[in-house]
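Only one structure is covered here, and it is reproduced in the block below.
The values are calculated or read from the model by the stated rules, or taken from the named source; none is laboratory data. Predicted model, so just to flag it, every value in this text is computed and none were measured. Methodologically, a virtual Cβ is constructed for each residue, glycine included, from the backbone with ideal geometry; neighbour enumeration extends over all protein chains shown.
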């Protein structure tokens with residue numbers, strides 16, 4: 001019997017679809033070899049021999065998925081929030097990221113990041129490290145050890161950085177990237193590399209060409225930033241006069257989705273219909289980062305439009321422009337900003353509901369990892385157990401109400417158990 | 001020597017003005033008989049005989065002030081957030097408030113509310129109870145015992161409620177209000193009554209006339225709701241065709257500020273220049289409730305304009321349309337929504353800064369209570385001690401940075417000591 005096989009009893013919730021949540025009070029989630037066999041109202045006789053983990057009275061949901069987070073920025077989250085993106089990058093972000101050249105500093109800071117995420121509600125994350133190869137490997141070591149399942153990128157940036165934070169040349173950046181990939185190849189079970197050009201303004205054309213070669217050679221997925229801020233979008237237009245737009249610029253380098261290049265782009269606040277049509281065509285994922293886009297005064301991405309257009313959308317914490325790693329917080333923020341966008345700017349796009357936000361933070365982002373984010377049969381069994389007694393009244397309400405309150409009120413410490421692909425993390 | 005006299009050592013921050021924060025690392029706050037004598041860089045020799053409370057390394061700020069909170073709604077915070085105001089009132093709020101007829105229920109629910117607020121960062125609050133006289137007295141007893149300093153209102157509502165939640169007549173409402181005031185007269189040191197017509201749609205003209213008589217007779221301050229939501233504003237226009245606007249309707253009944261009628265109005269999302277001019281003239285306070293106005297899709301109040309006009313503005317949690325009692329959370333929300341309002345709707349009103357939000361949550365609201373919300377000499381000494389090590393890096397930054405991070409990242413449990421008018425609460 002695999003240790004990753006069990007029956008878990010609790011008050012179980014998971015998304016069936018964008019608008020529908022399955023709730024099974026006092027239900028039984030069956031996990032065999034890390035894969036869900038489904039959720040049952042009665043203890044299924046077929047699995048009577050599996051160990052029973054009894055979390056009666058506690059809320060059980062799929063682990064949450066963070067599609068966009070900068071691990072090295074965790075150390076200064078909640079700071080400098082009175083600035084916009086480009087000023088914030090130069091005042092806070094680049095100086096902080098430069099510190100990760102020092103492995104002792106990196107170890108201290110990354111240990112805190114990984115430990116905090118480990119004990120929160122997220123089980124999966126797609127992560128930016130820094131441009132430093134060795135610090136990135138160290139982060140991957142710590143993540144692997146934590147039990148989380150992640151994709152991690154050594155950042156590429158060979159222009160428009162600072163003296164302390166920029167790679168010497170496209171060649172140096174590509175060489176370091178290959179070295180990082182070769183040195184980590186086969187080293188991890190749960191930690192995969194993802195190609196990570198910081199964003200167009202940080203990468204010369206030559207570097208983008210080099211990265212495309214690496215992407216094909218190593219068969220890597222790609223993450224980057226897209227159409228976040230007005231100043232940034234105008235800058236990209238200057239930098240790439242031959243491209244039809246920001247997304248098209250990535251596409252012109254072959255780094256914007258398609259069957260052999262799974263891609264997730266953070267923000268998309270200012271993506272117009274042309275850009276989203278290209279994303280739809282190429283299957284590019286949107287990492288919606290509502291807290292970040294609010295804190296840096298970027299705006300609110302038109303998520304309702306993206307959903308209507310059939311785009312893949314998940315949620316990102318975007319630490320440190322976002323302040324909290326919890327994707328429950330990102331769900332609440334996604335709902336809130338959609339309401340203000342509707343009220344203040346565009347009544348044609350209706351606000352997101354709690355059910356929709358829950359979907360985005362589980363299956364929505366989880367599908368980038370495969371069958372992840374649900375308890376339907378065949379899904380990889382990521383699960384969290386939440387003790388909601390801190391904020392739930394004694395005369396308790398329905399399971400769906402408890403889930404809504406968990407979205408709005410839970411803190412990381414309310415997560416009392418976590419499983420990733422059936423393996424118990426705590 | 002009064003027990004409310006001490007010297008408190010710590011990393012001290014307080015607002016000097018709307019835009020300026022005084023920071024005194026390793027400073028000494030002197031409190032004599034509950035009143036601040038100021039903050040000093042060195043231990044002042046004049047007060048060498050006072051007990052020294054040594055909170056070295058911890059953040060010390062004035063206690064926070066919640067200008068608008070519904071105590072009976074605490075039990076269902078974080079629920080029903082997919083609805084707008086008038087639907088939300090009828091689906092969740094009125095049925096829940098009706099339960100407070102039952103004193104056993106009220107005791108259980110109010111105990112939880114008071115205990116949670118006691119252990120968070122707020123030291124002052126202006127509170128709506130329900131229409132029930134005895135449950136309101138019970139709430140006041142619990143608040144007095146907690147050590148918090150509050151104003152509490154038995155709610156008046158004699159129309160447009162439900163069969164379970166409405167007073168029988170204007171006379172019955174006035175009679176109960178007088179009984180509540182008489183029965184609690186002289187009973188408390190820190191808990192004062194405030195007259196609380198729910199809002200215009202809940203109160204007949206006759207009731208408003210009765211309340212004005214009571215206001216004058218008992219010399220009471222007044223709290224209510226103003227210009228929160230489009231449907232509500234349109235409804236008030238129908239109900240008060242003779243008034244020039246919503247605020248003017250309160251004013252026509254003599255319940256809208258002036259020297260002998262201190263008044264705080266929650267929301268003011270839709271207050272136009274005429275309304276804010278009247279508020280300015282009458283000294284009416286704005287209780288800005290950013291979380292609530294987001295969650296119920298009401299919009300964003302033009303706080304920058306109110307500040308430019310010289311209005312008094314403080315912050316409100318507005319539980320349960322807001323989800324968190326902490327006014328640190330309200331500060332972060334006030335900043336965030338001001339950014340989205342600026343970006344999405346009106347670039348003429350610049351976003352609030354962290355310093356401004358801190359002012360609003362301390363002196364801004366505190367001045368409704370008198371000299372409250374600062375450590376300047378002569379202010380009543382409300383103070384909280386925050387252990388920020390949970391979210392502060394070891395190589396710590398400036399005090400102003402730690403304060404900003406506390407606004408964005410603190411949870412109630414990070415507040416480790418609290419003083420109200422110099423009396424230690426914990």
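Just give me the residues in the stretch A:393-410 being in a loop (DSSP other than H, G, I, E, B), touching a residue at least 12 places away in the same chain (Cβ under 8 Å) and out of contact with any helix residue (DSSP H, G or I) (no Cβ under 6 Å at 6 or more places or on another chain), in sequence order. Explain how you work it out, then say what you get.
Quick first cut of the stretch A:393-410, residues in a loop (DSSP other than H, G, I, E, B) only: A:393-398, A:410.
Cutting the leftovers down to touching a residue at least 12 places away in the same chain (Cβ under 8 Å) gives us A:398, A:410.
If the condition is that a residue be in a loop (DSSP other than H, G, I, E, B), touching a residue at least 12 places away in the same chain (Cβ under 8 Å) and out of contact with any helix residue (DSSP H, G or I) (no Cβ under 6 Å at 6 or more places or on another chain), then A:398 is the only one that fits.
Within the stretch A:404-420, the residues that satisfy the criterion of being crowded, with 20+ Cβ neighbours inside 10 Å and more than 10 Å from chain B (Cβ to nearest Cβ) are A:414, A:415, A:418, A:419, A:420.
For residue A:281, are the conditions met, namely being out of contact with any helix residue (DSSP H, G or I) (no Cβ under 9 Å at 6 or more places or on another chain), at pLDDT 95 or above and surrounded by fewer than 19 Cβ atoms within 10 Å (Cβ to Cβ)? Walk me through how you get there before you give the answer.
Values: out of contact with any helix residue (DSSP H, G or I) (no Cβ under 9 Å at 6 or more places or on another chain): yes; at pLDDT 95 or above: yes; surrounded by fewer than 19 Cβ atoms within 10 Å (Cβ to Cβ): yes.
When the stated conditions are applied, residue A:281 passes them.
Of all residues in the stretch B:120-134, those satisfying the criterion of being buried (at least 24 other Cβ atoms within 10 Å of the Cβ), in contact (Cβ under 8 Å) with a residue 40 or more places away in the chain and farther than 23 Å from residue B:413 by Cα are B:128, B:129, B:130, B:131.
Of all residues in the stretch A:348-373, exactly one satisfies the criterion of being part of a loop (DSSP other than H, G, I, E, B), more than 14 Å from chain B (Cβ to nearest Cβ) and buried (at least 24 other Cβ atoms within 10 Å of the Cβ), namely A:373. Of everything in the stretch B:376-389, what is within 14 Å of chain A (Cβ to nearest Cβ) and in contact with a helix residue (DSSP H, G or I) (Cβ under 6 Å, 6 or more places away or on another chain)? Give them in sequence order. Across the stretch B:376-389, the qualifying residues are B:386, B:388.
Just give me the residues in the stretch B:234-256 being surrounded by 15 or more Cβ atoms within 10 Å (Cβ to Cβ) and either part of a loop (DSSP other than H, G, I, E, B) or touching a strand residue (DSSP E or B) at 6+ places or on another chain (Cβ under 7 Å) (or both), in sequence order. Show your work before the answer.
At the first step, the residues of the stretch B:234-256 found to be surrounded by 15 or more Cβ atoms within 10 Å (Cβ to Cβ) are B:235-236, B:239-240, B:243, B:245-256.
Within the stretch B:234-256, B:240, B:243, B:245, B:246, B:247, B:250, B:253, B:254, B:255, B:256 meet the criteria.
Restricting to helices (runs of 4 or more DSSP H) lying wholly in the stretch A:257-342: which have 3 or more residues that are within 14 Å of another protein chain (Cβ to nearest Cβ)?
Numbers: elements: A:273-282, A:290-295, A:303-308.
Helices (runs of 4 or more DSSP H) meeting the threshold: A:290-295.
When restricted to residues that are more than 16 Å from residue A:133 (Cβ to Cβ) and either part of a loop (DSSP other than H, G, I, E, B) or modelled with pLDDT under 95 (or both), the stretch A:165-206 contains 6. For the stretch B:305-347, what are the residues that are surrounded by fewer than 19 Cβ atoms within 10 Å (Cβ to Cβ) and touching a residue at least 40 places away in the same chain (Cβ under 8 Å)? Those that are surrounded by fewer than 19 Cβ atoms within 10 Å (Cβ to Cβ) and touching a residue at least 40 places away in the same chain (Cβ under 8 Å): B:305, B:345, B:346. Only residues that are crowded, with 24+ Cβ neighbours inside 10 Å, farther than 15 Å from residue B:330 by Cβ and under 17 Å from the mean Cα position of the chain (by Cα) were counted in the stretch B:63-92, giving 2. Screening B:393, B:423 for residues that are away from every other protein chain (no Cβ under 14 Å), out of contact with any strand residue (DSSP E or B) (no Cβ under 8 Å at 6 or more places or on another chain) and farther than 24 Å from residue B:313 by Cβ leaves exactly one candidate, B:423.
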